[in-house]
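K.L.:
Sharing a structure, written as structure tokens. Questions coming.
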Amino acid sequence: MTDISQNSTSSRASRRPSARTLLTLAGVLLLVAVPLIAPTMQLLINLALAKGIAVLGVTVLLRAGQVSFGHALFFGISAYVGAFLVASMPGADMMLVLACGVLGALVAGLLVGLFVVRYRGIFFGMLNLAFSMIFWSILEKFYHITGGADGIRLTRPTVLGLEMERGGFELVIFYLSIALMVGLGWFTLRWFVSPVGQVFQTIKTNETRLEYLGLSPRRVLLSGYMLSAGLCGVGGSLMAMTQGVVTPEYVWWVRSAEMVFIAVLGGAGSVRGAFIGALVYEIVRIYASAYAGDIWQLLLGGFLLVIILFAPGGIMGIADSLIHRKGTRQ
Amino acid sequence: MTAPLMETRDLLIKFGGVTAANNVSMQIWAGQNLAIIGPNGAGKTTFLNICTGWLKPQKGKVLLEGHDITPLPPRKIVRRGVARAFQIPQLFTEHTALENLLISAAAREGLRNPLQNLHNIAQRDEMMHLLDLVHCADVADRVVVELSEGQRKLIDIAVALALKPRLLLMDEPTSGVASSQKHEVMEILVGALAEAGVTSVFVEHDMGIVARHADEVAVWNAGNVQLRGTPDEILEHPDVIRDVIGEEVA
């Protein structure tokens, strides 16, 4: 438990915010400058940001002690809703694509959530996986509607009514992704320390007391589940618009596992960790697959093992202890 | 004559061959401080579990001010003013003492603003006062797992009181507390209940506590109320001395 939002007490958390806040600000500014200083990295970082927002959804559930192995479902539903929308309404605005995608993820989150919030632990995780694999099968089998394994092209949406060239559109979606990362990250941090978010996190420690406070643990979990599905929806929609094509791979179980992997890598339950984990993961994945094509998954697996064994707080945990050590020395 | 605050009628519940509640009919009157005593396995905790909706009786009813609450889940009974404190404190172990109370207050008031910090809710001063009332204000910012059993017991009760209940059901409020501190814990507790104007029912094994802090005692045996009366009447009763106490109270 390392993130500022992770500890339940704001007074405990507020003891060391300055270095973290400054580093966060510096990190965001660095991202803003990427199209100028490292344009070749723009697409890679854009994909990492989209993934990071989806990982934030998984992070929300981790705060309640629940792991979902099927959250790519909402990632994919949002992407497909966007693709169908653009196919039926050529020239649809990107904000409309995003809004409809997220709405689709939220509706799916409500429907699936009503069922899965009855379960905890491994059953919760596996039921989520089952739902995502059912949707994956539908996407694969209903070829005439979904395009099967080839997927559907998502032609470039307009931006505030303007048709843009590829470069301009990529720049817009890049900055939109940064804005959403900051906005949703801030919202999630605030939500975690709010009464609603705090009650949600008590699912992890004592549902009996929750019931005896006059609250329904299932309803409480459902509220967080919906938030988590919505965040995955935002990530899926951004990914689809960035890549310009959606395929069943969006909801494949590996995608869900990848989200959990990144959440643990960044620091389970950490908001900043979701994005840092996604950036590190994407960079390692791209470069490892380029330079160690046959063993890159082995490298990633080994990396995760090292994190779990020696730094269970993930990258954020390491960063935190470094900041703390420096603060103590001063 | 006014209706009792809570009333049970012919409660029956069996676990396999064991009858834990055997046609229990009992009234709890507003303003009472009722102690339930009896040997282990007599059905005392089962009675509290039925009254708060955790267990459903196979027969019989639980009435709250004349309204049948038997089929309701615990959360709906809590919302009608019946709170519960447990033998093993049921707290949010990753939260501080104050946060446990703030969460309780937030639950009472309804969870509305998703962007307000829990520590800034309007009930913060009220919760600090409550912590003060149970003599735990000095540990407000400590995570509850770091606290003593006695402190956790008091905070568990404070969490229940934060809901502003009309009736509080407590299961062995002094169990696990060091013998030397039991009376002190109970003094604090009774004081807090009196200030909050809460009717209470507590299961207790320590007859010294019962003699000093209850205004009425119900003796449980084999899943039913065997006797009921003032502490003096009950604790001098030969059946109680033989079956429950084992020896006479000094």
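K.L.:
Filter region B:192-235 down to the residues that are among the hydroxyl-bearing types (S, T, Y) and buried (at least 17 other Cβ atoms within 10 Å of the Cβ) and list them by number.
P.N.:
Result: B:T199, B:S200.
K.L.:
Now a separate question. I need a count of the residues in region B:70-85 that are under 28 Å from B:H205 (Cβ atoms) and either crowded, with 23+ Cβ neighbours inside 10 Å or touching a helix residue (DSSP H, G or I) at 6+ places or on another chain (Cβ under 6 Å) (or both).
P.N.:
Total meeting the criteria: 7.
K.L.:
Would you be able to say whether some residue in region B:169-188 is in contact with a His (Cβ under 6 Å, 6 or more places away or on another chain) and in a helix (DSSP H, G or I)?
P.N.:
The answer is yes; a qualifying residue exists.
K.L.:
Additional query: Is it the case that region A:145-152 has a residue that's among the hydrophobic types (A, V, I, L, M, F, W, C), surrounded by fewer than 20 Cβ atoms within 10 Å (Cβ to Cβ) and closer than 18 Å to A:Y80 by Cβ?
P.N.:
The answer is yes; a qualifying residue exists.
K.L.:
Let me ask you something else. Answer yes or no as to whether B:I50 is more than 14 Å from every other protein chain (Cβ to nearest Cβ), among the hydrophobic types (A, V, I, L, M, F, W, C) and not in a helix (DSSP H, G or I).
P.N.:
Criteria not met by B:I50.
K.L.:
Scan region A:163-177 for residues that are surrounded by 19 or more Cβ atoms within 10 Å (Cβ to Cβ) and β-branched (V, I, T) and jot them down.
P.N.:
Hit for region A:163-177 is A:I173, nothing else.
K.L.:
Still on this structure, I have one more. Has region A:187-198 got at least one residue that is assigned to a helix (DSSP H, G or I) and within 30 Å of A:D150 (Cα to Cα)?
P.N.:
No, region A:187-198 has no match at all.
K.L.:
Could you grab me the full set of residues in region B:86-105 that are touching a Pro at 6+ places or on another chain (Cβ under 9 Å) and at pLDDT 95 or above?
P.N.:
Hits for region B:86-105 are B:L102, B:I103, B:A105.
Table: residues versus (1) within 19 Å of the chain's Cα centre (by Cα); (2) free of Cβ contacts under 8 Å to residues at least 60 places away in the same chain; (3) surrounded by 20 or more Cβ atoms within 10 Å (Cβ to Cβ).
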residue: A:Q243; (1), (2), (3): yes, no, no
residue: A:V254; (1), (2), (3): yes, yes, no
residue: A:I286; (1), (2), (3): yes, no, no
residue: A:I295; (1), (2), (3): no, yes, no
residue: A:P312; (1), (2), (3): no, yes, no
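K.L.:
Okay, moving on. Spot the failing condition for A:G269; the list is (1) assigned to a helix (DSSP H, G or I); (2) within 14 Å of another protein chain (Cβ to nearest Cβ); (3) buried (at least 21 other Cβ atoms within 10 Å of the Cβ); (4) in contact (Cβ under 8 Å) with a residue 12 or more places away in the chain, and only one is missed.
P.N.:
Single failed check for A:G269: (1).
K.L.:
Can you name the number of the only condition in (1) in contact with a helix residue (DSSP H, G or I) (Cβ under 6 Å, 6 or more places away or on another chain); (2) under 21 Å from A:I203 (Cα atoms); (3) of a type in the set (V, I, T); (4) surrounded by fewer than 20 Cβ atoms within 10 Å (Cβ to Cβ) that B:V159 fails?
P.N.:
Of (1) in contact with a helix residue (DSSP H, G or I) (Cβ under 6 Å, 6 or more places away or on another chain); (2) under 21 Å from A:I203 (Cα atoms); (3) of a type in the set (V, I, T); (4) surrounded by fewer than 20 Cβ atoms within 10 Å (Cβ to Cβ), only one is false for B:V159: (4).
K.L.:
Follow-up question, since we're still on this one. If the requirement is being part of a helix (DSSP H, G or I), under 12 Å from the mean Cα position of the chain (by Cα) and farther than 30 Å from A:V220 by Cα, which of these qualifies: A:L47, A:L25, A:L56, A:L31?
P.N.:
Of the residues listed, the single one that is part of a helix (DSSP H, G or I), under 12 Å from the mean Cα position of the chain (by Cα) and farther than 30 Å from A:V220 by Cα is A:L47.
K.L.:
So, of the residues in region A:181-203 that are polar (S, T, N, Q) and within 7 Å of chain B (Cβ to nearest Cβ), which turns out to be farthest from B:K76 (Cα to Cα)?
P.N.:
Residue satisfying both the conditions and the ranking: A:S194.
K.L.:
Could I ask something else about it? Can you pull out every residue in region B:71-104 that is assigned to a helix (DSSP H, G or I) and at the interface with chain A (Cβ under 10 Å from one of its Cβ atoms)?
P.N.:
Answer for region B:71-104, where residues must be assigned to a helix (DSSP H, G or I) and at the interface with chain A (Cβ under 10 Å from one of its Cβ atoms): B:P74, B:R75, B:K76, B:I77, B:V78, B:R79, B:L98, B:E99, B:N100, B:L102, B:I103, B:S104.
K.L.:
Any residue in region A:274-284 that is without any contact (Cβ under 8 Å) to a residue 24 or more places away in the chain and over 24 Å from B:T93 (Cα atoms)?
P.N.:
Yes, some residue in region A:274-284 is without any contact (Cβ under 8 Å) to a residue 24 or more places away in the chain and over 24 Å from B:T93 (Cα atoms).
K.L.:
Which ones in region B:197-250 are among the small types (G, A, S) and outside any helix (DSSP H, G or I)?
P.N.:
Those that are among the small types (G, A, S) and outside any helix (DSSP H, G or I): B:G197, B:S200, B:A214, B:A218, B:A222, B:G223, B:G229, B:G246, B:A250.
K.L.:
Which one of these does A:N206 not meet: (1) within 14 Å of chain B (Cβ to nearest Cβ); (2) surrounded by fewer than 22 Cβ atoms within 10 Å (Cβ to Cβ); (3) within 24 Å of A:A54 (Cβ to Cβ)?
P.N.:
Condition not satisfied by A:N206: (3).
K.L.:
For region B:114-149, which positions are facing chain A (nearest Cβ under 7 Å) and either part of a loop (DSSP other than H, G, I, E, B) or farther than 20 Å from A:R63 by Cβ (or both)?
P.N.:
Answer for region B:114-149, where residues must be facing chain A (nearest Cβ under 7 Å) and either part of a loop (DSSP other than H, G, I, E, B) or farther than 20 Å from A:R63 by Cβ (or both): B:P114, B:L115, B:Q116, B:N117, B:I121, B:D141.
Residue by residue, here is whether (1) of a type in the set (D, E); (2) over 30 Å from B:C51 (Cβ atoms) holds:
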residue: A:T155; (1), (2): no, yes
residue: A:E170; (1), (2): yes, yes
residue: A:F187; (1), (2): no, yes
residue: A:F200; (1), (2): no, no
residue: A:L222; (1), (2): no, no
residue: A:L227; (1), (2): no, yes
residue: A:G233; (1), (2): no, yes
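K.L.:
Can I ask one more? Of the numbered conditions (1) within 21 Å of the chain's Cα centre (by Cα); (2) surrounded by fewer than 24 Cβ atoms within 10 Å (Cβ to Cβ); (3) more than 7 Å from every other protein chain (Cβ to nearest Cβ); (4) part of a helix (DSSP H, G or I), B:L34 fails exactly one; give the number of that condition.
P.N.:
In the conditions (1) within 21 Å of the chain's Cα centre (by Cα); (2) surrounded by fewer than 24 Cβ atoms within 10 Å (Cβ to Cβ); (3) more than 7 Å from every other protein chain (Cβ to nearest Cβ); (4) part of a helix (DSSP H, G or I), B:L34 misses (4) alone.
K.L.:
Given the conditions (1) of a type outside the set (D, E, K, R); (2) under 24 Å from the mean Cα position of the chain (by Cα); (3) surrounded by fewer than 19 Cβ atoms within 10 Å (Cβ to Cβ), and given that A:V193 satisfies all but one, which numbered condition is not satisfied?
P.N.:
(3)
K.L.:
Looking only at region B:59-70, decide whether some residue is more than 14 Å from every other protein chain (Cβ to nearest Cβ), at pLDDT 95 or above, within 30 Å of B:A211 (Cβ to Cβ) and in contact with a Ser or Thr (Cβ under 6 Å, 6 or more places away or on another chain).
P.N.:
yes
K.L.:
Name the one entry in A:P217, A:P157 that is within 14 Å of chain B (Cβ to nearest Cβ) and in contact with an Asp or Glu (Cβ under 7 Å, 6 or more places away or on another chain).
P.N.:
Within the list A:P217, A:P157, the selection yields A:P217.
K.L.:
Then there's this: Which pairs have Cβ atoms under 7 Å, sit 6 or more apart or on different chains, and link a residue in region A:113-141 that is farther than 19 Å from A:C232 by Cβ to one that is at pLDDT below 95?
P.N.:
Note: pairs meeting the criteria are A:E140/A:G148; A:E140/A:A149.
The values are calculated or read from the model by the stated rules, or taken from the named source; none is laboratory data. Because the structure is a prediction, the values reported are computed rather than measured. All Cβ positions, glycine included, derive from the backbone under ideal geometry; neighbour counts span all protein chains shown.
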